[in-house]
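Down below is the structure, laid out as C-alpha cells.
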Amino acid sequence: MKRQSFMVLLALAMGIFSGCGGGGGGSGSAPPTKAEIKLSVKDTLSTGKLVGGVDVSMILPTGVSAKTINSSTTKTDTGVVQASGGATGLPNMTGTYTSSTRTVRILFPTSNGFPAGQFATINADIATGSAPVAADFNQITAVIKDFTVNGVADYNGAIIEYSVVFK
C-alpha cells in the first residue's frame, strides 16, 4: 500500500512540476523583423567565363521594405545592398528602393568580372504584423552581361536564384 501511495504522489508531483516553465504563454520566439535575401546567378556560364554585370529588380512582398538614405531619395542605405559570394570586394554595386512598387534594383557593372553563383545580399525590414514566407520573394527580373565577350552579350532569360533567411 505504501508503494502505491508513493507512486501516486510521484505521478502527481511530476504532473504539477512539468507545467512549470517560468513565464506565461507565447510561442517562445519573436516574429522575424529582418529578411536577408541572397541572390545568385544560376551556373549557366561556360567554363572560364565570368559575369560582367548584372541589373536585377526584385519586388518585395507586402510588409517588407528596404531602407533608403533618406525619404527624398531611392538610393539604399548603407548595408541594405551588399556584394557577397564571388562578388565580395568588387566595387560599383549600387542599390535603389522604390517604396510605391516595393522594388529593390541592383546595378552592378564590373570591369573585373565574377563567377556564377552568389553575388549580392539584400537586407530588408519586415513590418510588425507581417509574416512573409520565402516563396513570397519570387518576383525577379534580370539582365546578365557576359564579361568575356566584350562585355556586351546578354544572357536573355538569365536565371537569378535566391534564398531568404528570416531574422
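Every number here is computed from the coordinates shown, using simple stated rules; none is lab data. Predicted, not measured: the structure shown is a model, and the values here were computed from it. Backbone-built Cβ (ideal geometry, glycine too); neighbour counts: all protein chains shown.
Put simply, the amide H of V51, placed in the peptide plane, has neighbours under 5 Å in F114, A116, F147, leaving out anything fewer than 5 places away on its chain.
Each of S84, S111 has some number of other Cβ atoms within 10 Å of its Cβ, and from fewest to most they run S111, S84.
Restriction of the trypsin sites (Lys or Arg not before Pro) in region 58-144 to DSSP coil positions whose beta-carbon has at most 12 other beta-carbons within 10 angstrom yields no sites.
Where in region 51-67 does the amide nitrogen come within less than 16 Å of the point 7 Å from the Cα of L107, taken along Cα to Cβ? What the label zone holds, given the 16 Å backbone N cut-off, is 53-58. Pairs exceeding a 23 Å alpha-carbon distance, out of K38/K75; K34/K75; K34/K145: K34/K145.
Calculated from the alpha-carbon coordinates, region 74-135 shows an Rg and a Dmax of 13.3, 43 Å respectively. Taking the number of Cβ atoms within 10 Å of each Cβ as an exposure proxy, the fewest-first ranking of D146, D125 is D125, D146.
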